[in-house]
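A quick write-up on the structure given underneath.
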Amino acid sequence: MAPAVLIQNLRKHYGQVEAVQDVSLQVEPGQIFGLLGPNGAGKTTTLRCLCTLTQPDSGKLEVAGVSVLKNPKAARQLLGYVAQEVALDKVLTGRELLQLQAALYHLPLGTIKERIQAMLALLDLEAYADQKTGTYSGGLRKRLDLAAGLLHQPQILVLDEPTVGLDIESRKVIWDFLRQLRDSGTTVLLTSHYLEEIDALADRVAIVDRGKVIAEGTPSQLKDQVGGDRVTLRIREFAPWEEAEKAKLLLQALPFVEDVLINTAQGNSLNLVVASQSEALATIQQALKEVGLPTFGIAQARPSLDDVYLAATGQTLMDAEVAAFSKRDPKAERKQNMR
Amino acid sequence: MTTTPVKPDLSSQSLAGSPILNLDTPGLLSKEFLQETLALARRLFIQLQRRPSTLIAGIIQPLMWLVLFGALFKNIPEGLFGTNQTYGQFLGAGVIVFTAFSGALNAGLPVMFDREFGFLNRLLVAPLASRFSIVLASAIFIATLSLIQTAAIVAVSALLGAGLPGLFGLGIVVSIVLLLVLGVTALSLGLAFALPGHIELIAVIFVTNLPLLFASTALVPLSFMPTWLRVIASLNPLSYAIEPIRYIYLHSDWSLGSIVLQAPWSSVTMGTALLVLLGFDVLALVSVQRLLRRSLA
Ligand SMILES: Nc1ncnc2c1ncn2[C@@H]1O[C@H](COP(=O)(O)OP(=O)(O)OP(=O)(O)O)[C@@H](O)[C@H]1O
Ligand SMILES: [Mg+2]
């Protein structure tokens, strides 16, 4: 069977910005596939190319074996797309929006009413169906948008940050829903910059950074590849650089320490990769004490997806977000994304 | 969001096992095209119904034109505007055409807002039979509005003593309004896709609207104008919509051969004027087609 989604060597630039430099990935039918990456990594651009909204510079795009670039109409039929920013017509009611959506996907007239009712029930929207969407809360808007994307029962559902801005309760409901959707055979491709979300949901994940896939696999594969345990050490709440350097040199010499990084964004805390062994923390604290350095905080953990990211890029996802945030011009992008 | 557990019945939802895919997608004039066009037009009418202020203003405004302009020139000697007619009789045709024109000129605005707001993406990711349905839906909507406005103007003009053309004459009036609206709507939608944002679109509407009004025969006849303006007014499509309507209002014995406009280079008959409007539509549609195709492939 053809993969549900095939992206090969996708490239797209905007002026000087290489939004997507080289993205390749393959999603098998019936999987939840997560694209994880910091702000500006190129996740949205990748999805927009896949869903025929943006013309890529080069690359191959296929959904269920259908070429997106050669046969966009057929591809659109197979895909359901829920954009990062919810755009509803606030004058229409939820039901009217779904009716419009049904016509845009040419659902048979006789089935529309029933299908909409079922979709409203599925997403627990019945009570709000006949209110104008302008009165909806953020969570309701997101759910209605999801209902619209699912109305034509697409084989492949593409979700750009499906739970951004929602409280944990609402996120869990959407997660459960997506899992059930997957279990009934729908392929789900979603982006997120919530590590927990990808960890909880995705069967496979690709980590995207600056327009490139830097790691791909199941979440546990990726974590195992990184190997070892993580130790986060803070000498002081804000340690001076020299002190952090000194500690780094000291700790690097320990036999079970594989790597030490100074995290400037977190008050010069130290991120250590250590061979999994129980007495690591005590040994580290002891070594520091001997040279007269204090320990403000220390913790040991199994590697997370963030560590996968850190291992590949040298910075944590959070730091990358902060760095990317200051570089973007949301207004100019909005303009560009208009069609 | 409530915390009630969502218990979806997804049994009807399973799709992964349906590999049959029809690659010949429906095109223009298919029943799918009709379905999407009607749904898009319906959205515009729902918006109008829930926010009727534009329609109300769109009816009141031309009526005020009729009354105020009519009063302004009330004491002009009868016959100055042509054979024994009052200014009120003269003005009706100008107001009908100008009202339809301004309405159509604004047709691009909702599309521009959809673009800016991201709603257009919803249409563009859908497997539309043809994206021309977006244009056609707007044209249907604007044409309906214009006909409602025209009916109101015709009725009030009649009350003000301008008389009422016969049924066939009214048919020609309606056709002229539709021809003008189609061409101008197409141009406005073209601009909505070509310009960067609504500020620019409003600016273009602003600098087109009134100059085209004053450089037409809406307010005064050609004979009042200096030669240069007469040339411009004789090239202005609005004049070719106004003069036939005006003629029909004043002559119950009109025919397609009646001379309705005396351009500097030749005289124009009713039939020619209609052909000119048709030509304007073709020109407008062809010139925006490439643009629409690029944005709406
Ligand atoms: N329309 C555009 N015009 C110019 N630059 C753009 C445009 N869209 C995206 N970019 C740039 O391309 C890069 C990738 O953007 P993209 O929106 O794909 O990132 P993302 O991974 O979705 O980020 P986020 O998590 O913030 O949504 C960014 O540097 C962004 O500034
Ligand atoms: Mg994004």
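General remarks:
- The set of residues in the stretch A:88-109 that are without any contact (Cβ under 8 Å) to a residue 40 or more places away in the chain, among the hydrophobic types (A, V, I, L, M, F, W, C) and surrounded by fewer than 20 Cβ atoms within 10 Å (Cβ to Cβ) contains only A:109.
- Selection from the stretch A:40-70 of residues that are over 16 Å from residue B:124 (Cβ atoms), within 8 Å of chain B (Cβ to nearest Cβ) and touching a strand residue (DSSP E or B) at 6+ places or on another chain (Cβ under 9 Å): A:64
- Residues in the stretch A:71-98 that are over 26 Å from the mean Cα position of the chain (by Cα), in a helix (DSSP H, G or I) and either on the phi > 0 side of the Ramachandran plot or more than 7 Å from every other protein chain (Cβ to nearest Cβ) (or both): A:94, A:95, A:97, A:98.
- Condition met for residue A:158 (within 16 Å of ligand 1 (Cβ to nearest atom) and either more than 27 Å from residue A:275 (Cα to Cα) or away from chain B (no Cβ under 14 Å) (or both)): yes
- Summed over the stretch A:153-201, the residues that are at positive phi and part of a helix (DSSP H, G or I) give a count of 0.
- Take the conditions (1) more than 16 Å from ligand 1 (Cβ to nearest atom); (2) surrounded by fewer than 17 Cβ atoms within 10 Å (Cβ to Cβ); (3) more than 9 Å from chain B (Cβ to nearest Cβ); residue A:136 misses just one of them, which is (2).
- Check on residue A:232, away from ligand 1 (no atom under 16 Å from the Cβ), assigned to a strand (DSSP E or B) and polar (S, T, N, Q): yes
- For the stretch A:1-50, taking the residues that are free of Cβ contacts under 8 Å to residues at least 24 places away in the same chain and away from ligand 2 (no atom under 16 Å from the Cβ), the one that is nearest to residue A:210 (Cα to Cα) is identified as A:16.
- So residue B:201, is it at pLDDT 95 or above and in contact with a Pro (Cβ under 8 Å, 6 or more places away or on another chain): no
- Among residues of the stretch A:29-39 being assigned to a loop (DSSP other than H, G, I, E, B) and more than 13 Å from ligand 1 (Cβ to nearest atom), the one that is farthest from the other protein chains (Cβ to nearest Cβ) is A:31.
Here's the yes/no breakdown for (1) within 9 Å of another protein chain (Cβ to nearest Cβ); (2) in contact with a Cys (Cβ under 8 Å, 6 or more places away or on another chain); (3) among the β-branched types (Val, Ile, Thr); (4) free of Cβ contacts under 8 Å to residues at least 12 places away in the same chain:
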{"residue": "A:147", "(1), (2), (3), (4)": "no, no, no, no"}
{"residue": "A:154", "(1), (2), (3), (4)": "yes, no, no, no"}
{"residue": "A:167", "(1), (2), (3), (4)": "yes, no, no, no"}
{"residue": "A:179", "(1), (2), (3), (4)": "no, no, no, no"}
{"residue": "A:184", "(1), (2), (3), (4)": "yes, no, no, yes"}
{"residue": "A:190", "(1), (2), (3), (4)": "no, no, no, no"}
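- Filter pass, residue A:53 being away from ligand 2 (no atom under 16 Å from the Cβ), surrounded by fewer than 22 Cβ atoms within 10 Å (Cβ to Cβ) and either part of a loop (DSSP other than H, G, I, E, B) or among the aromatic types (Phe, Trp, Tyr) (or both): no
- Qualifying residue in the stretch A:183-204 (condition: touching a Gly at 6+ places or on another chain (Cβ under 9 Å), surrounded by fewer than 17 Cβ atoms within 10 Å (Cβ to Cβ) and farther than 30 Å from residue A:22 by Cα): yes
- Listed by position, the helices (runs of 4 or more DSSP H) contained in the stretch B:30-115 that have at least 1 residues being modelled with pLDDT under 90 and buried (at least 21 other Cβ atoms within 10 Å of the Cβ) are B:53-72, B:87-105.
- Yes/no for residue A:70 being of a type outside the set (A, V, I, L, M), in contact with a helix residue (DSSP H, G or I) (Cβ under 7 Å, 6 or more places away or on another chain) and farther than 21 Å from residue A:189 by Cα: no
- Condition check for residue A:80: crowded, with 22+ Cβ neighbours inside 10 Å and touching a Ser or Thr at 6+ places or on another chain (Cβ under 7 Å): no
The values are calculated or read from the model by the stated rules, or taken from the named source; none is laboratory data. Fair warning: this is a prediction, and the values are worked out from it, not measured in the lab. Glycine also receives a Cβ, built like all others from the backbone with ideal geometry; neighbour counts cover every protein chain displayed.
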